[in-house]
Structure formats: structure tokens, C-alpha cells
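The values are calculated or read from the model by the stated rules, or taken from the named source; none is laboratory data. Given the structure is predicted, the values throughout are model-derived calculations rather than measurements. Don't worry about glycine lacking a Cβ; one is built from the backbone with ideal geometry, like all the others, and counts go over all protein chains shown. Only protein heavy atoms, including side chains, enter the accessible area calculation; ligands, DNA and RNA are left aside. Shrake-Rupley method; radii C 1.70, N 1.55, O 1.52, S 1.80 Å.
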Amino acid sequence: KNLDLVGATAIEDELQDDVIQTITDMRLAGMTFFILTGDKKETAVNIGRSCGLVDRDALLVDIPTYDPGDEHGWQLKIKKLNEIKEKK
């Protein structure tokens with residue numbers, strides 16, 4: 001309880017055995033997932049759907065290219081994402 005576990009993994013090409021069931025089990029345990037990609041948005045959504053990370057009801061937030069000169073804008077985006085996370 002009250003544990004923030006942060007991890008990262010990469011999904012490329014063919015899915016490994018049991019990926020969908022593992023993600024389902026992790027969601028049932030209360031874990032939250034975020035997808036960060038350098039691919040086109042459509043490619044990332046399709047991969048997310050194929051492995052069970054993105055369903056039809058998923059909230060998709062498109063964050064444009066990072067601009068280091070727009071620190072205030074990024075702080076607002078991060079604040080909004082945290083508000084979304086807190087509602088879940």
C-alpha cells in the first residue's frame with residue numbers, strides 16, 4: 001500500500017507470450033500504465049490495443065514535441081496529468 005513503483009519496458013514487433021494476461025492481472029492489482037512513444041500516435045494506439053494497454057474507454061493525451069523554453073507549459077501539462085491520475 002502507498003507504494004509508487006516506476007518501471008519501463010519496450011514493446012517491439014511481436015508480443016511475447018502471456019503479455020495480455022500479465023497486463024490484465026497488473027491492472028486488476030491497481031497498477032496504472034502510461035505509454036510514451038516516439039512513433040506516430042496511430043501506431044502507438046494500435047500497439048497499445050494489441051497488448052491490452054489501450055481499450056476503447058482509455059483517455060489518450062497527446063503531448064506535442066518537447067520545447068525546453070516552455071517550462072511553464074510543461075508544468076501545466078504535468079499538473080493536468082496528475083489530476084487525471086488522482087481521479088482514478
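Keeping every protein chain present and rolling a 1.4 Å probe, give me the accessible area per residue for region 48-88 in Å². It would help to have the intermediate numbers written out before the result.
On the way: 3440 Å² over 41 residues.
Normalised by residue count, the accessible surface of region 48-88 is 84 Å².
Could you tell me whether region 26-88 comes out rounded, prolate or oblate from its Cα gyration tensor? Rule is a ≥ b ≥ c as square roots of the eigenvalues, rounded for a/c under 1.5, then prolate if a/b exceeds b/c, otherwise oblate. Judged from the Cα gyration tensor, region 26-88 comes out oblate (a/c at least 1.5, b/c at or above a/b).
Once R0 is set to 35 Å, what does the formula 1/(1 + (r/R0)^6) return for the Cβ-Cβ distance between Asp18 and Leu76, expressed as a FRET efficiency to the nearest 0.05?
Numbers: r = 39 Å, r/R0 = 1.11.
Efficiency, from the Cβ-Cβ distance: 0.35.
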